[in-house]
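Undergrad: Structure below; questions to follow.
Each value in this text was obtained by applying a stated rule to the coordinates, not by laboratory testing. Nothing here was measured: the structure is a model prediction, and the numbers come from that model. Every residue, glycine as well, gets a Cβ built from its backbone with ideal geometry; the counts of neighbours run over all protein chains shown.
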Amino acid sequence: MRVAIGTDHAGFVLKAPVVGAINALGHTIVDCGAMQIDPNDDYPDFAAAVSKAVLDGRAERGVLMCGSGVGASVAANKFAGIRSALCHDTFSAHQGVEDDAMNVLALGARVVGPALAVELVGAFLRAEFSGAERHRRRLAKVESLERRE
């Protein structure tokens with residue numbers, strides 16, 4: 001699987017461990033930056049880059065990192081077709097994919113440490129959408145909301 005990653009300066013501390021985890025699972029990185037710490041960069045730019053990579057097919061999933069994870073997730077969810085969630089626990093990281101077809105995981109470097117970030121990324125990437133009728137029905141309703149808004 002190709003996984004787009006993006007981080008601002010506040011999430012940068014998680015970049016190396018997340019890249020290592022993705023590589024260890026045998027996936028390919030689509031690096032949407034940042035390439036170095038720049039205290040003046042902004043998380044919406046990286047959220048947009050990761051979201052576009054997922055939407056245009058350069059990646060199947062994305063991982064965003066910022067200080068809290070909240071801003072990156074909010075920004076990513078502005079793109080129709082992106083289903084991003086901030087996760088602090090492995091259950092949510094895999095359940096979000098299995099039930100809700102989550103395609104972008106957001107992490108907050110000021111909230112989770114590198115070890116937990118690696119666990120969360122693993123849970124997210126190992127999960128698959130269940131395709132159960134009730135989940136397909138709910139996903140269709142979410143997609144309908146996107147079209148109306």
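Undergrad: Only helical DSSP H runs with n ≥ 4 go in: add -39500 (n - 2.57) per run for the chain, normalise by residue count and round the 222 nm mean residue ellipticity to 500 deg cm²/dmol.
TA: Details: 6 runs with 70 residues, N = 149.
Rounded to the nearest 500, the figure is -14500 deg cm²/dmol.
Undergrad: Let me spell out the model: positive unit charges on the Cβ of Lys and Arg, negative unit charges on the Cβ of Asp and Glu, origin at the Cα centre of the chain. What dipole size does that give, in debye rounded to 20? Kindly include the intermediate steps, with their values, before the conclusion.
TA: On the way: 16 positive and 18 negative charges, 87 e Å.
That gives a dipole near 420 debye.
Undergrad: Sort 106-112, 16-22, 33-39, 142-148 by packing, meaning the average of other beta carbons within 10 Å per residue, with the highest value first. Please report the intermediate quantities before stating the final value.
TA: Details: 106-112: 21.4, 16-22: 17.9, 33-39: 12.4, 142-148: 10.1.
So the peptides 106-112, 16-22, 33-39, 142-148, ranked by packing, come out 106-112, 16-22, 33-39, 142-148.
Undergrad: Would you tally the net charge around ALA127, using a Cβ to Cβ cut-off of less than 15 Å, leaving ALA127 out, and scoring K and R as +1, D and E as -1? Before the final figure, lay out each step's value.
TA: Details: positive: ARG61, ARG83, ARG126; negative: GLU60, ASP89, GLU98, ASP99, ASP100, GLU119, GLU128.
With Lys, Arg at +1 and Asp, Glu at -1, the neighbours total -4.
Undergrad: Using 0.36 nm per residue of separation minus the Cα-Cα distance, give me the extension gain between VAL74 and ALA16 in nm, one decimal. Let's see the in-between values first.
TA: Values: separation 58, 0.36 × 58 = 20.88 nm, distance 2.33 nm.
Difference between extended and current length: 18.5 nm.
Undergrad: Right, something else. How large is the translational diffusion coefficient of the range 2-148 in µm² per second when you combine the Kirkwood radius over alpha carbon pairs with Stokes-Einstein at 10 °C and 1.306 mPa s? Write out the running numbers ahead of the final one.
TA: Numbers: Rh = 14.8 Å.
Rounded, D is 107 µm²/s.
Undergrad: Over the chain, what is the relative contact order in percent, taking alpha-carbon pairs closer than 8 angstrom and at least six residues apart?
TA: Numbers: 307 pairs, mean separation 38.2, N = 149.
So the answer I get is 26 percent.
Undergrad: Another question about this same structure. Only four residue types carry charge here, +1 at the Cβ of Lys and Arg and -1 at the Cβ of Asp and Glu. Report the dipole size of the range 82-126 about the Cα centre in Debye, rounded to the nearest 20. Let's see the in-between values first.
TA: Details: 3 positive and 5 negative charges, 39 e Å.
With Lys and Arg at +1 and Asp and Glu at -1, about 180 debye.
Undergrad: On to the next question. Compute the Cα gyration tensor for the range 109-149, then decide on rounded, prolate or oblate, letting a ≥ b ≥ c be the square roots of its eigenvalues: rounded whenever a/c is under 1.5, prolate when a/b is larger than b/c in the other cases, and oblate in all that remain. Could the numbers behind the result be given before it?
TA: Details: a/c = 4.97, a/b = 1.89, b/c = 2.63.
It is oblate, given that a/c is not under 1.5 and a/b is not larger than b/c.
Undergrad: Which one of GLY33, ASN77, MET65 is farthest out on the positive end of the charge dipole of the chain, using unit charges on Cβ (Lys, Arg +1; Asp, Glu -1) and the Cα centre as origin?
TA: Of the options given, the answer is ASN77.
Undergrad: Which order do the peptides 61-71, 91-101 take when ranked by the mean count of other beta-carbon atoms within 10 Å per residue, highest first?
TA: 61-71, 91-101
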